[in-house]
Structures are given as structure tokens and as C-alpha cells.
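Participant: Quick one: the structure is below, questions incoming.
The values are calculated or read from the model by the stated rules, or taken from the named source; none is laboratory data. None of the values given here were measured: they were computed from a predicted structure. Here the Cβ is made from the backbone with ideal geometry for all residues, glycine too, and neighbour counts use every protein chain on show. Each accessible area value is taken on the protein alone, full model and side chains, heavy atoms only, with ligands, DNA and RNA left out. Shrake-Rupley method; radii C 1.70, N 1.55, O 1.52, S 1.80 Å.
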Amino acid sequence: MNSEQCTLADLAAPIRNAIVGGPFGSNLVSKDYVASGIPVIRGQNMGGKWVSGEFAFVSVAKASQLSQNLARPGDLVFTQRGTLGQVSMVPRGLYEAYLVSQSQMKITVDPEKADVCFLYYLFKTPAQLKYIFNSAIQTGVPHTNLGILKATPIDLPPLSAQREIAAIVGALDDRIALLRETNTTLEAIAQTLFKSWFVDFDPVRAKQQGLPPVGMDDTTAALFPDDFEVSGLGAVPRGWSNIDLAELTNRFGGSIQTGPFGSQLHAADYVEVGVPVVMPKDIINRRATTTSVARISPVDADRLSRHRLRAGDIVFSRRGDVERHALITEREVGWICGTGCLLVRPGDAWRAPGFLSMLLDSARART
């Protein structure tokens, strides 16, 4: 399959303002935002396949004044400053037009030259991300500009091949999204069940009344006592003990430690491709996400080996929302616990890290 060498500018539609950035700062300020109108694409609306999330709005009159900065359904939007490497498509069927903020840029693609979905996936590849990071302006906050965006080199296969590639990758993307939705549903069911069994103690209350626990087989029901006793935490199932994290890790061969100090890990250590470093911002819904994760070289990861993560570890945020934590799975083995985090390792003898994670996420533990 032959590929054509071109730049992103070569793929712009033959219309005015096909590739534009956001307005100058003085032309769009917070007082311009209104309750409804034309949505503004800001950093928080980027990161996914589609521009989405909670929008700010400007009036139709204000959008008309900034008409050269408008994006429309089917356009590609890029982050200019902030989290570089983000790209999203403007969805169809929601709004007729969007205003691009000062920190974003957009391109209207010529459909006779390129498939916009193909370009979206192309800009998610390591090679394109490397170009973005390597060509970024490093003074102050790292950023890029329209000139750099227009000059982005593209290896462009024939249009028919682009469409086939985009269709295949898009189908996989849709499947992944569906699996994530399924996981969210299963997580909600698990949390409801956990609360019933281990927070509200419904099986114990049922047995106390001489009733069989609901939705539980006899073998599982036998694991729960039929009465309560008073403890320092109030009424708990008879025979259950209260321990804190320090005692748990000591008993089961684990440990509790902070992430590396700032003097051990500097901004200059971060690279485009390398070992992920879990920071507080990467902890979402009891999982570690790679959406905007920082990375370090394997050499630096070896230097910080005592902070490498294992399956079953629990990483807490030490700043901001300190109640948040991520349960480390096989996927994150070998990643680094970052600055601003606290690493709880239950120990090899502890067999239920998922149970501990859900327990630490309960209202009682959070308070």
C-alpha cells in the first residue's frame, strides 16, 4: 500500500479559516460566558474521541464576532497548550457550531483528500505524538501553534484504505467503549453487593432473625455469623476483629510508604514514551488511568525501583482529595508510584486486595 507524503495543511478543506486557533485572550474572557448559546471547546472537553463534557457557552452575537474561530461537526480539534497531544472530533447532531477556546486549534478536513476518522486515529499513534512533543515550544508552559500544526508531516494512504482502516479501528474503539460501560455497570453492582454484605451486614441481620440471606448460597451464608458484638467501631459481626492499615500490613508482610520526593523526580525526567508514573490526577474511580499520565525512562524507573507497583497495591492521593485511591492490577505492574501519592502494599499473605480497596472506598473508611 503506497502512502503519500504531505503535511496537515495539505489536507485542509478549500474554505476560509479551514485551520484556525482560538481567539486572542482579550477577545474571550470569563464574563463572555452565558447560560446557553454556542458551546466553547476548552481543555476539559478534550481527551476523548469526541468533544464532550460540560461546556461553557457564549451568546450567538459573541460567536458571530469570533466567527473565524468556529469549529463545526466533523472538524478535528487539537490542544495548543496544556495537555499536548490531545485530539478530538466535533460530533454531529448536537450543536451546529462550537467556539474554539484560546488553548485549542481546529482543522476542517477536505473529505476528497482524507478521512477525518483516519486522521483522528493517526494522531493517537506514538509517532505523531512524538512529533507533537518534540516540536513543542518549551518556554514557559509547553505549547504548540498553528504553524507547527500545519507543518505536521503525514503519511497518507489512499482514501479507500483510510476509510477501511478507520472502520476497523473505529469498530474496536466502539467495542472498548462498550466494555468500559459494562465494567461500570458491574462495578456498581459489586459496590452495592459489598455495601450490603460488609457495611450494612444484611446477611448477619437476616440470620439474626432466623432468615436465609438473600441472594446467597448456603456455603457463603455459613461464613457470616448470626449475631453482633460491640466494638470500637460500633456493632460488628460477632468474631470479626478491628485492625488498622498499619497492623494489617505488618501482619501480612506488607508496607506503607510515600512516593518519591520532589528532589528524586524532576519535570526534566519526564519523557514522551516510557514507564508510567501514577500521580493524584491519574487516580479515577479506584483505577489508574493513562489519559494524561507522565512517563519516565526505564533508567529512571530502575533508579526509583522501590516505588515500582505490584498487582494488589493500593495507591492513595496525598494531596487534594486524599480519599481517592487506585487498586493496581496486572496492567500496571512495574509502573511507578509518583510524587504526591502514598503506596499501601497489603502484603503477599493478604489474599483479597479488591476487598480491601472497596472497604477503603466505603463511607466509614473515608470519614
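Participant: Which ones in segment 158-178 are open to solvent by 70 Å² or more (accessible area, probe 1.4 Å) and either in contact with a helix residue (DSSP H, G or I) (Cβ under 6 Å, 6 or more places away or on another chain) or free of Cβ contacts under 8 Å to residues at least 24 places away in the same chain (or both)?
Facilitator: Across segment 158-178, the qualifying residues are Ser160, Glu164, Ile168, Leu172, Asp174, Arg175, Ile176, Leu178.
Participant: Still on this structure, I have one more. Would you check if Glu323 is more than 15 Å from Leu245 (Cβ to Cβ) and open to solvent by 50 Å² or more (accessible area, probe 1.4 Å)?
Facilitator: No; evaluated as a whole, the condition is false for this residue.
Participant: Which residue out of Val333, Val344 is of a type in the set (A, V, I, L, M, F, W, C), at pLDDT 90 or above and open to solvent by less than 20 Å² (accessible area, probe 1.4 Å)?
Facilitator: Val344
Participant: Okay, moving on. Where residues in segment 35-51 are open to solvent by 60 Å² or more (accessible area, probe 1.4 Å) and in contact (Cβ under 8 Å) with a residue 12 or more places away in the chain, which of them is farthest from Ile107 (Cα to Cα)?
Facilitator: Only one residue tops the list, namely Ala35.
Participant: Here is a further query. Consider Ala235 against the criteria (1) modelled with pLDDT of 90 or more; (2) closer than 24 Å to Met358 by Cβ; (3) assigned to a strand (DSSP E or B): it satisfies all of them except one. Which criterion is unmet?
Facilitator: Unmet condition: (1).
Participant: List, please: which pairs have Cβ atoms under 9 Å, are six or more places apart or on different chains, and start with a residue in segment 182-193 that is more than 12 Å from Arg286 (Cα to Cα) and open to solvent by 60 Å² or more (accessible area, probe 1.4 Å) and end with one that is modelled with pLDDT under 90 and not hydroxyl-bearing (Ser, Thr, Tyr)?
Facilitator: Leu193/Gly215
Participant: Tell me, please, whether a residue that is open to solvent by 20 Å² or more (accessible area, probe 1.4 Å), touching a strand residue (DSSP E or B) at 6+ places or on another chain (Cβ under 7 Å), of a type in the set (A, V, I, L, M) and closer than 30 Å to Thr184 by Cα can be found in segment 257-272.
Facilitator: no
Participant: Consider segment 288-308. How many of its residues are touching a residue at least 24 places away in the same chain (Cβ under 8 Å), under 13 Å from Val273 (Cα atoms) and in contact with a strand residue (DSSP E or B) (Cβ under 9 Å, 6 or more places away or on another chain)?
Facilitator: Residues in segment 288-308 being touching a residue at least 24 places away in the same chain (Cβ under 8 Å), under 13 Å from Val273 (Cα atoms) and in contact with a strand residue (DSSP E or B) (Cβ under 9 Å, 6 or more places away or on another chain): 7 in total.
Participant: Among Asp202, Asp155, which is touching a helix residue (DSSP H, G or I) at 6+ places or on another chain (Cβ under 9 Å) and either open to solvent by less than 50 Å² (accessible area, probe 1.4 Å) or farther than 30 Å from Leu233 by Cβ (or both)?
Facilitator: Asp155
Participant: Mind checking which residues of segment 76-101 are assigned to a loop (DSSP other than H, G, I, E, B) and over 23 Å from the mean Cα position of the chain (by Cα)?
Facilitator: Arg92, Gly93, Leu94, Tyr95, Glu96, Ala97
Participant: Report, by residue number, each residue of segment 205-226 that is open to solvent by less than 70 Å² (accessible area, probe 1.4 Å), under 21 Å from Leu359 (Cα atoms) and not hydroxyl-bearing (Ser, Thr, Tyr).
Facilitator: Pro213, Met216, Ala221, Phe224, Pro225
Participant: State yes or no: is Val29 open to solvent by 70 Å² or more (accessible area, probe 1.4 Å) and β-branched (Val, Ile, Thr)?
Facilitator: When the stated conditions are applied, Val29 does not pass them.
Participant: Right, something else. Restricting to segment 279-307, what's the tally of residues that are of a type in the set (D, E, K, R), open to solvent by 70 Å² or more (accessible area, probe 1.4 Å) and under 21 Å from Ala267 (Cα atoms)?
Facilitator: Residues flagged as of a type in the set (D, E, K, R), open to solvent by 70 Å² or more (accessible area, probe 1.4 Å) and under 21 Å from Ala267 (Cα atoms) within segment 279-307 amount to 4.
Participant: Follow-up question, since we're still on this one. Go through segment 325-345 and report how many residues are assigned to a strand (DSSP E or B) and under 16 Å from Ser357 (Cβ atoms).
Facilitator: Going through segment 325-345 one residue at a time, the tally reaches 9.
Participant: Follow-up question, since we're still on this one. Which residues, taken from segment 15-42, are part of a helix (DSSP H, G or I) and not polar (S, T, N, Q)?
Facilitator: Gly25, Lys31, Asp32
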